[in-house]
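Only one structure is covered here, and it is reproduced in the block below.
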Amino acid sequence: LTEKFESLMNIHGFDLGSRYVDLKPLSCGGNGLVFSAVENDCDKRIAIKKIVLTDPQSGKHAVPEIKIVRRLDHDNIVKVFQILGPSGSQLTDDEYMETDLANVLEQGPLLKEHARLFMYQLLRGLKYIHSANVLHRDLKPANLFIDTEDLVLKIGDFGLTRIMDPHYPHKGHLSEGLVTKWYRSSRLLLSPNNYTKAIDMWAAGCIFAEMLTGKTLFAGAHELEQMQLILESIPVTFFIHEYFQVFHTVHIS
């Protein structure tokens, strides 16, 4: 394990006992630490995630959200097998995937055939979670996991997922530091608590463009620049002109 990963494990209280061996760090981000390990009982490699709770509100909602995702069962969704530890634990035992789309795209744009195949699988996964009234809210290449041998894509990292319910209190649970601006829709930039299926679909479109070009479609340094990049691209992008006209008017006024 790297020195940084070991330090974070100590800070956030990783203790798995003797049940798992051969721990290997996978990633450490703003909302969790992820490593792979082999489960002794079945000799199977899995991914284990420790969700880092940054405030009381995130702690209040973390376990219920994990339980929601655990019930999702689809070929294009990373499976959460179980919640490890006692009630209230923020450790999950997940399906292990070889790499993620962000790592794949570091090598350059995908072949059109591969991009279409991955986009099809992404849309299949989104259709499934949306039919369950669940919003992912943080789709980006780093949260799309890839089996490069079988060319399988699965949506993962549901740390910011929420129930799609008009009575559900979304406000205050979407941390500015955790969400990548590059995949936010204009609707969400203008109205930060306006969560619908459209925010995931927008992100999916941005990801598809990135798969084809190898470049981030809208890479703004801040929210204003992000909005400007979107509006400047109206005549030449795939997006519906009438949709943007509404938000262009709001932005100008």
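Among the residues of region 32-49, how many are modelled with pLDDT under 70 and either exposed (fewer than 15 other Cβ atoms within 10 Å of the Cβ) or touching a helix residue (DSSP H, G or I) at 6+ places or on another chain (Cβ under 8 Å) (or both)? Number satisfying all stated conditions: 0. State whether one or more residues within region 150-163 are part of a loop (DSSP other than H, G, I, E, B), at pLDDT 90 or above and not assigned by TED's automatic domain parsing to the domain that holds Asn76. Checked region 150-163: at least one residue is part of a loop (DSSP other than H, G, I, E, B), at pLDDT 90 or above and not assigned by TED's automatic domain parsing to the domain that holds Asn76.
Across region 118-142, the number of residues qualifying as in a loop (DSSP other than H, G, I, E, B) and farther than 21 Å from Ala209 by Cβ comes to 2. Take the conditions (1) modelled with pLDDT of 90 or more; (2) assigned by TED's automatic domain parsing to the domain that holds Lys24; Leu111 misses just one of them, which is (2). Restricted to region 114-141, and to residues there that are surrounded by fewer than 16 Cβ atoms within 10 Å (Cβ to Cβ) and hydroxyl-bearing (Ser, Thr, Tyr), the residue that is nearest to His74 (Cα to Cα) is Ser131.
So, in region 209-227, exactly how many residues are under 21 Å from Leu190 (Cα atoms) and of a type in the set (A, V, I, L, M)? Looking only at that region, the number is 5.
So, of the residues in region 198-234 that are farther than 28 Å from Asn133 by Cβ and β-branched (Val, Ile, Thr), which turns out to be surrounded by the most Cβ atoms within 10 Å (Cβ to Cβ)? Among residues in region 198-234 that are farther than 28 Å from Asn133 by Cβ and β-branched (Val, Ile, Thr), the one surrounded by the most Cβ atoms within 10 Å (Cβ to Cβ) is Thr216. Selection within region 78-100: residues that are crowded, with 21+ Cβ neighbours inside 10 Å and under 15 Å from Val152 (Cα atoms). The member of this set that is modelled with the highest pLDDT is Asp100. The number of residues in region 224-243 being modelled with pLDDT under 85, more than 15 Å from Met201 (Cα to Cα) and not in a loop (DSSP other than H, G, I, E, B) comes to 7.
The values are calculated or read from the model by the stated rules, or taken from the named source; none is laboratory data. Model, not experiment: these values are computed from the prediction. As a convention, Cβ positions derive from the backbone with ideal geometry for all residues, glycine included, and neighbour counts pool all protein chains shown.
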